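The structure appears below as structure tokens.
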Amino acid sequence: MKSLGLVEVSGVTAAVDCLDIMCKSAEVEFVTWERKLGGRLVTIIVEGNVSAVTAAVENAVAGAIIKPCSYAVIANPHEETARIVNVSAARIKKANAKEGK
């Protein structure tokens with residue numbers, strides 16, 4: 001797995017805005033998202049090379065419509081970290097397949 005970039009922000013709208021900023025500002029790919037507390041906290045996860053992920057996260061933090069609660073860049077994630085992210089991504093793929101997307 002490539003490097004991971006995580007941005008946690010309050011609200012789905014702000015999370016989608018952060019994802020848009022990240023994808024437009026660097027060559028990163030959306031992996032998954034996690035919504036907690038009924039969508040009041042949303043974590044967006046992207047992947048790419050270390051410099052692209054770092055730039056994407058920094059730009060999202062600087063340009064977000066709501067200040068992110070937390071953010072991180074994980075270079076060369078451990079296999080257990082990658083497994084957790086892949087489980088989340090698989091859950092989204094399964095839901096999309098169920099809806100026929």
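Only the coordinates and a few stated rules stand behind these numbers; no lab work does. Since the model is a prediction, treat every value here as computed from it, not as a measurement.
At q = 0.16, 0.19 Å⁻¹, what is the base-10 log of I(q)/I(0) for the chain according to the Debye formula with one equal point scatterer per Cα and no solvent? Please give it to two decimals.
Reported log10 I(q)/I(0), two decimals: -0.64, -0.89.
Tell me, what is the percent relative contact order of the chain, built from C-alpha pairs under 8 Å that lie six or more residues apart? Walk me through the intermediate numbers first.
On the way: 187 pairs, mean separation 38.5, N = 101.
The normalised contact order for the chain reaches 38 percent.
For Lys94, give me every one of the aspartates and glutamates with a C-alpha distance below 19 angstrom, ignoring sequence neighbours fewer than eight places off in its own chain.
Qualifying aspartates and glutamates at Cα under 19 Å: Glu29, Glu34.
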